[in-house]
Amino acid sequence: MLPTLEEAYGKQLLSHIFTHIWLGDWDKYEETMQQLPDQLALEFPFHKHYDRESTALWRDNYFSIPGDYFIPPYLSTYQDKSEEDDQEAKQSLLCLIGAFDRIGFYYPLEKEEFPDHIGSITAFIAAATNEEVKAIQANDEELLQQLQNVQHEMYQDHLAPALQALWKTNHQKLSDPFFQAFLPYYMDQMEALVQVPTT
């Protein structure tokens, strides 16, 4: 059974908000949040802590600028470092690029980000949710199933293991309320977002 358009739009909205945060696109984040009813915006536990200047600064400190607070946002950072693991990481990256290419997703290249950046993976899932909406509108169950499967695989094979390692090794570095609320919420919601419905 096809999910409702309302469910697909909710999934689309959430994945886009997450992408804006990971990539520090605060104009789009603010634009998206302003379009929501105030009560709905308050449902996001991190949003009440949003202050553009402070949040942007902390995002850079955590995910862009090496230093005391730096948390690497790249999946490859959280893989073991033996030669065999290094080869596996390279193969995994090639699989990521192949998955991106299959649905014509070139966002990381356009944004000059690495494909294994958590924001790139999140943007990929957001792009797939856009296509899900179109598949539901076209009543194309086969395409919808393919899109859901690729998102689920992307999450299970690449994103989930890195997020668990990121949280385990870096959660103590989070010292601002926005990202203290955002990261656990993101991890919890992403798992739910990419579940393939049982038929």
All but one of (1) at pLDDT 90 or above; (2) polar (S, T, N, Q); (3) open to solvent by 60 Å² or more (accessible area, probe 1.4 Å) hold for residue 170; which doesn't? (3)
Could you list, in sequence order, all residues of the stretch 128-143 that are modelled with pLDDT under 90, closer than 16 Å to residue 193 by Cβ and open to solvent by 10 Å² or more (accessible area, probe 1.4 Å)? 130, 131
Hey, could you check the stretch 33-55 for residues that are out of contact with any helix residue (DSSP H, G or I) (no Cβ under 6 Å at 6 or more places or on another chain) and not in a loop (DSSP other than H, G, I, E, B) and say which is farthest from residue 176 (Cα to Cα)? 35
Those residues of the stretch 182-194 which are surrounded by fewer than 18 Cβ atoms within 10 Å (Cβ to Cβ) and in contact (Cβ under 8 Å) with a residue 24 or more places away in the chain amount to 185, 187, 189, 191
Taking into account only those residues within the stretch 173-199 that are modelled with pLDDT of 90 or more and among the polar types (S, T, N, Q), which is farthest from residue 153 (Cα to Cα)? 175
Just the residues that are of a type in the set (Val, Ile, Thr) and assigned to a helix (DSSP H, G or I), please, taken from the stretch 166-199. 169
Counting just the residues of the stretch 61-80 that are of a type in the set (A, V, I, L, M) and in a loop (DSSP other than H, G, I, E, B), which one comes out farthest from the chain's Cα centre (by Cα)? 65
Which listed residue is modelled with pLDDT of 95 or more and surrounded by 17 or more Cβ atoms within 10 Å (Cβ to Cβ), from 70, 100, 46: 46
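The values are calculated or read from the model by the stated rules, or taken from the named source; none is laboratory data. Since the model is a prediction, treat every value here as computed from it, not as a measurement. Counting neighbours? That spans all protein chains shown, and the Cβs are built from the backbone with ideal geometry, glycine included. All accessible areas refer to the heavy atoms of the entire protein, side chains included, with ligands and DNA or RNA removed. Shrake-Rupley method; radii C 1.70, N 1.55, O 1.52, S 1.80 Å.
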